[in-house]
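Data first, discussion second: the structure below is written as structure tokens.
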Amino acid sequence: MSLLDPAFLKQLGRIRLAARRRFASSAAGNRRSLRHGSSAEFAEHRPYFEGDDVRRIDWNAFARLEEFVIRLFVAETDINLYVLLDRSASLGVASAARSKFDVARQIAAALGYVALSGSERVGVFPVGEELAAPFAPTRGHKRIASLLRYLDALTADGGGDLRSSIETFLARQPRPGLVAIVSDFLDASDFIGGCDRLLATKHEPLLFHVLDHEEMFPQVGEDVTLVDSETGDVVEVTLDATTVAAYRASLDRHLEEISAYAKKRGLYYGRILTHESIDEVVLRYLRGGR
Amino acid sequence: MTLLSPASLLWLGLLGPLVALYILRRRRERRTVGSTWLWQRAIRDVRAERPWQRLIPYVSLLLQALAICLGAFALSRPAGQGLIPRGASLAVVVDVSASMAARDGEGVSRIEYARRAIAELLRAAPERTAFTLIEAGHEPTAVLSDATDSAAIASAIQALEVRSVDGSLEASVAVAADRIRRASSGSRVVVFTDLGFDAEIALPADVLVDVQNVATSVRLNRGIVDAEVSRVARTPNRVEVFARVFASDTPSSLWLTASVDGHVVASSHLENWDATNITEATLSVDELGRDQLLQLQLSGDDGILVEDALDLDNEAWLSAPEARALPVVLVGETPRSVHRVLSVDADLELYETTLAQLDSHGSDSSVVAAIDAGAVFVYTGEAPDSPPPGASIVINPTQLSVFGVTMGAAVEQPRIVSWDDTDMRLRYVSLRDTSVRTMRPITGHAVRPLVETTAGTLIGLFEHPAGESTVFAFDLDRSSLPDETSFVVLFRNLMERARELRARHRTEVAPLGSELTVDAPEGSTIVVTCPDGSVIHATASAGQAHIRLRAQIGAFDIATTAHEVHRRALRNLFAANESDLRPRGRLVGRDSQPSASVSRQTPGEWWPWVAFALLAVLVCESLWATRRGASA
């Protein structure tokens with residue numbers, strides 16, 4: 001479905017409405033920033049990372065937990081939303097009407113729509129083998145159409161290297177903000193290391209995990225030859241129950257690994273299948289879910 | 001193991017299409033996925049736990065290929081070696097040569113082993129198996145042909161015995177193979193032999209042939225492999241014997257002895273064996289009468305006859321040979337013409353005597369010897385009351401009857417009107433211009449007229465059980481016949497006939513098992529007394545009787561009831577290849593020389609078991625194909 005489709009635009013409006021109503025009831029006139037800054041209001045603890053200000057270490061917590069943690073305070077600042085949209089070929093695989101890339105773009109569109117509607121700065125950075133021409137960070141609801149047109153024109157092809165793309169993104173020295181990584185995380189590169197780099201540079205990664213329904217639940221069937229959409233590697237496999245079960249176990253381990261990482265780092269991790277609507281995963285985040 | 005229907009193995013050709021279909025069917029669907037690294041990790045995990053998982057894609061192919069192989073194998077009807085399937089025919093060839101009479105340490109002969117083995121074979125064969133039995137004797141003899149009656153078959157098997165010197169094994173196998181070619185699949189030829197021959201025989205390539213060697217053991221054997229006797233010149237009864245003897249062990253204490261009427265008359269120590277285990281010996285025997293037999297035997301130093309594996313070659317029987325010259329005894333005043341025509345014949349020895357001397361046994365020794373040697377008697381004027389054995393001539397008899405033949409009154413100058421030129425006595429004889437002064441015609445039905453005149457029979461033939469007499473009813477010197485060429489021819493024919501009769505009534509010598517042929521009037525009974533005392537009766541047909549003699553060494557006495565003629569037949573085993581009992585022959589078959597010990601054949605085709613295995617494989621394949629997680 002095109003991002004400019006009226007039905008999708010209507011859906012975006014509903015999401016923004018839901019998010020705005022939430023935001024509107026939680027604070028009078030002000031938007032609670034999603035960024036932790038230096039203010040009097042204590043927000044939470046998080047583990048100490050190399051590069052953090054050692055003055056923020058909460059020694060009382062260390063005495064209790066014997067673990068270095070720092071204090072986070074609520075900061076009333078502008079939000080910079082950076083969307084790292086995975087446009088590698090793996091997202092182009094579709095077993096249903098919508099491909100993973102379609103879903104990923106919709107998520108990016110929804111986040112950008114809500115943010116631009118709230119006068120936040122939004123930038124979209126398509127990642128693949130390397131960082132492609134981005135949608136430069138901008139603000140204002142008048143930029144929504146441009147964003148949607150930009151996202152609609154993107155295609156999924158080529159290989160993917162999230163870690164390299166994150167490094168490239170950070171090389172631009174963007175102002176700290178929210179970095180929504182929308183990907184299928186089937187990249188063999190060390191994207192966890194990339195997320196750690198984002199955290200170290202005071203960004204807050206948001207993980208939106210898009211999976212194809214067939215990838216999630218492969219069916220027992222005939223002997224097939226699987227072709228990697230990015231590398232072209234070929235694997236001959238007999239889709240018997242044993243092999244499918246082993247794949248599910250392998251996938252579950254992979255998903256558990258991502259989920260555990262996100263939980264440990266206090267990051268948002270949302271998973272969506274291609275046959276599901278994006279509403280739930282986007283709204284869950286916007287409503288402060290983890 | 002044999003395959004009764006090997007052409008069915010062509011079903012294995014289905015393996016090609018199966019593999020091709022499998023390859024085509026297994027052309028995998030190509031699917032593009034986001035990433036294969038999770039699948040690769042999954043496959044590694046699975047193979048780490050279950051290494052045989054690699055084979056899972058091929059299990060169906062293997063099961064189906066196995067099913068095809070089992071099916072083709074079952075259709076080819078595998079069977080144990082020597083098996084006779086139901087409906088098949090069996091042709092048994094039995095070597096009945098002399099060496100099959102050899103006995104092992106337990107006294108069982110090879111032919112007996114063959115009988116037992118054949119009986120065993122039949123017990124293992126299905127009921128109603130068509131059975132052909134061929135004796136490989138001097139010539140192939142089909143004893144039974146496609147017989148199914150078990151009693152008749154059993155009887156024929158029991159009747160198997162050694163028959164002859166040398167066996168026609170190759171020809172017999174060819175006859176048997178010809179029978180089997182027309183029979184159903186699984187039919188076969190089984191050959192029982194001791195391989196006691198020096199040859200390589202090629203077995204038919206298109207027929208199943210089993211060969212069973214019945215020579216379970218090879219014992220010591222010595223045998224007389226050749227012998228002949230010859231008269232010493234100028235000594236009527238002295239003979240020399242030349243013999244060749246085989247011994248498998250080249251012994252140092254072996255003797256060849258010669259006996260006449262049970263008395264040892266000569267012996268020779270056997271030594272100087274050659275590379276073929278044969279030696280030669282010469283014996284001199286001073287006295288061996290015309291009708292006496294010489295028995296040769298092998299004995300040890302103690303004079304005890306040898307006992308070894310084969311008895312048939314331990315003795316030999318010989319008879320004294322005839323002298324080259326035919327003795328003719330002239331009794332009475334022989335006409336000068338007759339005396340002249342006989343004396344000029346170099347192959348005749350003339351002796352003269354009188355009837356009175358013969359009656360009183362007063363003839364000199366030479367006459368006696370001549371008589372013993374089967375002389376032809378020429379009586380002139382007076383003849384004895386009964387004719388002598390063999391051929392005789394009576395010229396111008398003076399008695400009223402001769403040998404019971406009546407002589408008529410004298411007739412002057414009879415005219416010859418006819419003669420039997422078909423009779424061998426009158427061959428090339430013409431009496432057209434012959435004149436006779438006086439004759440006394442022969443009358444009576446006992447005489448066969450040879451020459452007829454206007455007055456009656458001038459020359460007649462009187463045949464009697466002991467021989468025949470030619471009667472001239474006139475004085476030859478008082479006729480024109482001696483002046484004619486036909487006279488010489490006539491007497492030459494008479495002497496030739498005499499030799500013929502002499503030879504016929506002598507002892508016949510032939511190899512062991514040779515058929516005996518006896519000339520006898522139609523319907524007459526011939527009685528043969530075998531060396532072991534058993535008696536064989538036969539009836540003459542078309543002037544002869546052909547008698548199959550048992551394989552015995554020695555003299556067979558032959559008598560015909562019609563004429564009380566007595567003769568003798570000698571049979572010996574003179575065959576070095578039969579005395580050598582080692583299995584030497586080779587029967588080359590389709591694959592290799594078949595040679596098996598006599599053993600029971602286990603019945604049962606294998607196809608039921610193979611078919612059961614096929615069903616089991618099909619069940620496994622079905623279970624595999626319908627298992628959980630199997631391909632759709």
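The values are calculated or read from the model by the stated rules, or taken from the named source; none is laboratory data. Every value quoted in this text rests on a predicted model; they were computed, and no experiment measured them. Ideal geometry is used to build each Cβ from the backbone, glycine not excepted, and the neighbour counts take in all protein chains shown. Surface accessibility is based on the protein's heavy atoms, side chains included, excluding ligands, DNA and RNA. Shrake-Rupley method; radii C 1.70, N 1.55, O 1.52, S 1.80 Å.
Things worth noting here:
- Bridge type composition, the protein assembly as shown - antiparallel percent by DSSP, nearest 5: 60
- For the stretch A:168-277, the fraction of C-alpha pairs farther apart than 21 angstrom is 47 percent.
- Degrees separating the helix A:144-153 axis from the principal Cα axis of chain A, which is the longest one: 30
- Residue-normalised accessible area of the stretch B:93-249, given per residue in Å² at a 1.4 Å probe: 41
- Our summary gives the stretch B:462-573 a relative contact order of 27 percent, counting only alpha carbon pairs under 8 angstrom and 6 or more residues apart.
- MRE, 222 nm, helices only [DSSP H, n ≥ 4, -39500 (n - 2.57), over the protein assembly as shown, to nearest 500]: -9000 deg cm²/dmol
- Per-q log10 I(q)/I(0), the stretch A:112-211, q = 0.16, 0.18, 0.23 Å⁻¹ (Debye; single scatterer per alpha-carbon; no solvent): -0.70, -0.89, -1.37
- Top positive-direction residue, dipole computed over the protein assembly as shown with Cβ charges, set A:201, B:75, B:419: A:201
- Mean-position separation - Cα centroids, the stretch A:176-208 and the stretch B:377-426, in angstrom: 153
- Spatially, the stretch B:507-557 and the stretch B:61-76 are offset by 64 Å when compared through their Cα centroids.
- Residues residue B:618 and residue A:190, FRET efficiency given R0 of 56 Å [Cβ-Cβ distance, rounded to 0.05]: 0.55
- Extension gain (nm, one decimal) between residue B:480 and residue B:274, 0.36 nm per residue minus Cα-Cα: 67.5 nm
- Per residue value of the accessible surface for the stretch B:432-572 (all protein chains in place, 1.4 Å probe), Å²: 42
- Here each label is just a point 7 Å from Cα along the line to Cβ, and for residue B:340 and residue B:202 those points are 6.9 nm apart.
- Within the listed set A:113, A:261, A:269, the Gaussian network model of chain A (springs between alpha-carbon atoms below 10 Å) gives the highest mean-square fluctuation for A:261.
- Integer Hz, Karplus 6.51/-1.76/1.60 couplings in order for the stretch B:428-433, x for Gly and Pro: 6, 9, 10, 10, 4, 9
- Principal axis dimensions, largest first and in whole angstrom, of chain A by Cα: 62, 49, 34
- Over 34 Å [Cα-Cα, chain B], rounded percent: 63
- Modelled FRET efficiency - R0 51 Å, residue B:152 with residue A:245, Cβ distances, 0.05 increments: 0.10
- Between helix A:162-171 and chain A: long-axis angle, C-alpha atoms, 0 to 90°, nearest 10: 30
- All other residues whose Cβ lies under 11 angstrom from that of residue B:298 are scored, Lys and Arg at +1 and Asp and Glu at -1, for a net of -4.
- Peptides ranked, highest mean first, by Cβ atoms within 10 Å: ranges B:141-150, B:385-394, B:163-172, B:422-431: B:163-172, B:385-394, B:422-431, B:141-150
- Approximate spin-label separation residue B:29-residue B:325, in nm, with each point projected 7 Å along Cα-to-Cβ: 12.0
- For the protein assembly as shown, the number of Lys pairs separated by eight or more positions or lying on different chains, with C-alpha atoms closer than 26 Å, is 5.
- Residue B:292-residue B:19 pseudo-label distance in nm [points 7 Å out on the Cα-to-Cβ vector]: 8.7
- Within chain B, the selection of entire DSSP H helices by a Cα span of 27 Å or greater along the long axis and an average Kyte-Doolittle value of at least -1.0 returns B:56-75, B:485-504.
- In Hz, Karplus ³J(HN,Hα) per residue of the stretch B:250-259 (6.51, -1.76, 1.60; θ = phi - 60°; x = Gly, Pro): 6, x, 9, 10, 10, 10, 10, 10, 10, 10
- Over all pairs of different C-alpha atoms, the stretch B:331-460 has a mean inverse distance whose reciprocal, the Kirkwood radius, equals 16.1 Å.
- Cα-based helix-to-principal-axis angle, A:191-200 vs chain A, degrees rounded to 10: 10
- Loss of accessible area when A meets B, both sides summed, Å² nearest 100, probe 1.4 Å: 2900
- Entry note: the protein assembly as shown has Rg to Rh equal to 1.53, where both radii use alpha-carbon atoms and Rh is the Kirkwood radius.
- Distance from the Cα centroid of the stretch B:201-228 to that of the stretch B:128-165 is 18 Å (rounded to whole angstrom).
- Surface share of carbon and sulfur [accessible, 1.4 angstrom probe, percent] for chain B: 52
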